[in-house]
């Protein structure tokens, strides 16, 4: 149970951190791959929703987070870099559905605005977002139902489903208790999907507001461990139960005290309960897991040339040569 929550709550953040923000490889001379990106075919006919998603992406992180008078130069620079990344993601999203090649990414590599690894990650992240959108369309009704059940049963722990009864109390309060105090906030699958993007993109910037270490080497190791877990997924797409040592090893490589509830995490948790019983949901979960594994596998490779850093009082402090992160005086 703890291993499933650890995996679900951290996967989107890991991918986001390794694609966004510090891209020190942008100036590296990397030989361009001739391998073409392969996308999962989708059957989304509603062009308005496709455009809504693109417009949402290119307007993240959210405007309310950008208050220049209250931000440091490093934070302002970070906000603009994240916006630029998300604009590229939005353009790539549109290109996919209009069946157009993403030449603008190759041009950005030629201008050394992004690295070859970031170009490839953008393509794989869009593939993952497509799979996430398809998953949310099937899973949203189950997420809503599960949330309502949690509200009804939160005061009667003994009546909770067996997986939740086995959960350590601190895990319950860390990931689930708070969300049960509010009404279910979404009216559609789009609303749920949009919120997963908003949380992912805003969190990437909001971590600059407090002391926050980004130990790239450890995160790369954690990402590699997660890809191995995905490789061992059951045939129905659900994740294998990890041994306690494996769970502790994964937690030690993440900023565990900073990890909290996310709607994507809850969605994936619900999918663990429902996928064995629902063929369509099972298929969407397997596709999502595969798309995520591809993105994370490349992220592991990309992270090898990125230095670890920390946010300290709104300033970036890079890791020492030995890998430690120094605080500002």
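If we keep just the residues of region 210-227 that are surrounded by fewer than 19 Cβ atoms within 10 Å (Cβ to Cβ), more than 26 Å from residue 238 (Cα to Cα) and touching a helix residue (DSSP H, G or I) at 6+ places or on another chain (Cβ under 8 Å), which is modelled with the lowest pLDDT? That would be 217.
Evaluation of residue 131 against the conditions (1) surrounded by fewer than 20 Cβ atoms within 10 Å (Cβ to Cβ); (2) modelled with pLDDT of 95 or more shows that the sole unmet condition is (1). The single residue among 193, 186 that is in contact with a helix residue (DSSP H, G or I) (Cβ under 6 Å, 6 or more places away or on another chain), outside any helix (DSSP H, G or I) and either over 21 Å from residue 142 (Cα atoms) or modelled with pLDDT of 80 or more (or both) turns out to be 186. Hey, does region 75-84 have a residue that's assigned to a helix (DSSP H, G or I), at pLDDT 95 or above and within 16 Å of residue 193 (Cβ to Cβ)? No, because not a single residue in region 75-84 is assigned to a helix (DSSP H, G or I), at pLDDT 95 or above and within 16 Å of residue 193 (Cβ to Cβ).
Residue by residue, here is whether (1) over 30 Å from residue 179 (Cα atoms); (2) at pLDDT below 90 holds:
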{"residue": "273", "(1), (2)": "no, no"}
{"residue": "280", "(1), (2)": "no, no"}
{"residue": "283", "(1), (2)": "no, no"}
{"residue": "286", "(1), (2)": "no, no"}
{"residue": "301", "(1), (2)": "yes, yes"}
{"residue": "306", "(1), (2)": "yes, yes"}
{"residue": "317", "(1), (2)": "yes, no"}
{"residue": "320", "(1), (2)": "yes, yes"}
{"residue": "323", "(1), (2)": "yes, yes"}
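Of all residues in region 266-280, those being surrounded by 15 or more Cβ atoms within 10 Å (Cβ to Cβ), in contact with a helix residue (DSSP H, G or I) (Cβ under 7 Å, 6 or more places away or on another chain) and within 12 Å of residue 135 (Cβ to Cβ) number 6. Of the residues contained in region 234-244, one or more are found to be more than 19 Å from the chain's Cα centre (by Cα), surrounded by fewer than 17 Cβ atoms within 10 Å (Cβ to Cβ), farther than 17 Å from residue 286 by Cα and free of Cβ contacts under 8 Å to residues at least 24 places away in the same chain.
Somewhere in region 146-164, is a residue modelled with pLDDT of 90 or more and closer than 30 Å to residue 91 by Cα? The answer is no; no qualifying residue exists. For residue 245, state whether it is over 27 Å from residue 205 (Cα atoms) and at pLDDT 95 or above. Against the criterion (over 27 Å from residue 205 (Cα atoms) and at pLDDT 95 or above), residue 245 does not qualify. Condition check for residue 287 on (1) under 29 Å from residue 120 (Cβ atoms); (2) not in a helix (DSSP H, G or I): one failure, at (2). Scanning region 63-74 for residues that are surrounded by 12 or more Cβ atoms within 10 Å (Cβ to Cβ) and in a helix (DSSP H, G or I) returns 65, 74.
Among the residues of region 250-278, write down those that are more than 20 Å from the chain's Cα centre (by Cα) and either over 15 Å from residue 141 (Cβ atoms) or in contact (Cβ under 8 Å) with a residue 24 or more places away in the chain (or both). Walk me through it before giving the result.
Keep residues of region 250-278 that are more than 20 Å from the chain's Cα centre (by Cα), which gives 273-278.
Within region 250-278, 273, 274, 275, 276, 278 qualify.
The values are calculated or read from the model by the stated rules, or taken from the named source; none is laboratory data. As the structure is a prediction and not an experimental result, all values here were calculated from the model. All Cβ positions, even for glycine, are placed from backbone atoms using ideal geometry, and neighbour counts span all protein chains on display.
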